[in-house]
Amino acid sequence: MLNPPLSGPMAERFRGYLPVVVDVETGGFDCTRHALLEIAVCPIEMEEDGTLRPGTITSTHVEPFPGAVLDPKALQVTGIDVDHPFRAALPERKALDHVFRPVREATRRYACQRAILVGHNAAFDLGFLNAAVARTGHKRNPFHPFSTFDTVTLAGLAVGQTVLSRAVQAMGLEWSGEEAHSAVYDTERTAQLFCRIVNRWRDLVRLEAGVAQPESGA
């Protein structure tokens, strides 16, 4: 069966995919052994003139899955206390339901076929996301199973920086070291970085085509 025709500027811009920024905080580096502890998602929105901007962030703390390993060094970096009484963590299945819901809604609204994960070192985030999907047997994962947009690569091209904090600042955005390493903050800054790079590329293309436009501030 032929794929349905793309409908709308967002679907046309990214070949039927909706960019959604994802950041995870974890109990280590091995997605099969270490716990997923926080996850945040941010669908990218498009203005009428084609300018991209970050959408609303949805996030949750996540309960370690049974048998999960927690590396003390990883917890020291993130500052996560898994036993904090007000952490309000959800089991993995409910956590996925919570963050997938707005992603599916945005994907439908922009008439896209699927979401595509945007991340800084995107393979890491996608690995933990896919591992949680597999553990829970989740059948409604809106994300492409292996394709991503990696802001490490995009920032390396745009400003010659690959570390998130340096790339963000090189693109003229603010960075707080005290707030870093939380899923919400890193998602927010990664979304701003992605939008600014893509918008600046669009402006450059228009300039080369002789259609001068003011530089996007997103």
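Readers should treat all values here as calculations from the given coordinates under stated rules, not as data from a laboratory. This is a predicted model, so every value here is computed, not measured. Cβ coordinates were reconstructed from backbone atoms using ideal geometry, including for glycine residues, and neighbour counts include every protein chain displayed.
Results, tabulated for the structure shown:
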item	result
Residue 108 paired with residue 69, simple spin-label distance in nm, labels 7 Å along Cα-to-beta-carbon	4.1
Normalised contact order of the chain, rounded percent, pairs of Cα under 8 Å and 6 or more residues apart	24
Alpha-carbon spread of region 112-195, three principal axes, descending order, Å	40, 27, 20
Neighbour-count ranking [beta-carbon atoms within 10 angstrom, fewest first] of 21, 159, 77	77, 159, 21
Residue order, fewest to most surrounding Cβ atoms within 10 angstrom, among 46, 10	46, 10
Exposure rule at most 12 other beta-carbon atoms within 10 Å, DSSP loop trypsin sites (Lys or Arg not before Pro): the chain longest free segment	16-138
Crossing angle, helix 122-136 versus the chain [Cα axis fit, 0-90 degrees, rounded to tens]	50
Spherically averaged projected area in nm², based on the convex hull that wraps the Cα atoms of region 17-164	9.5
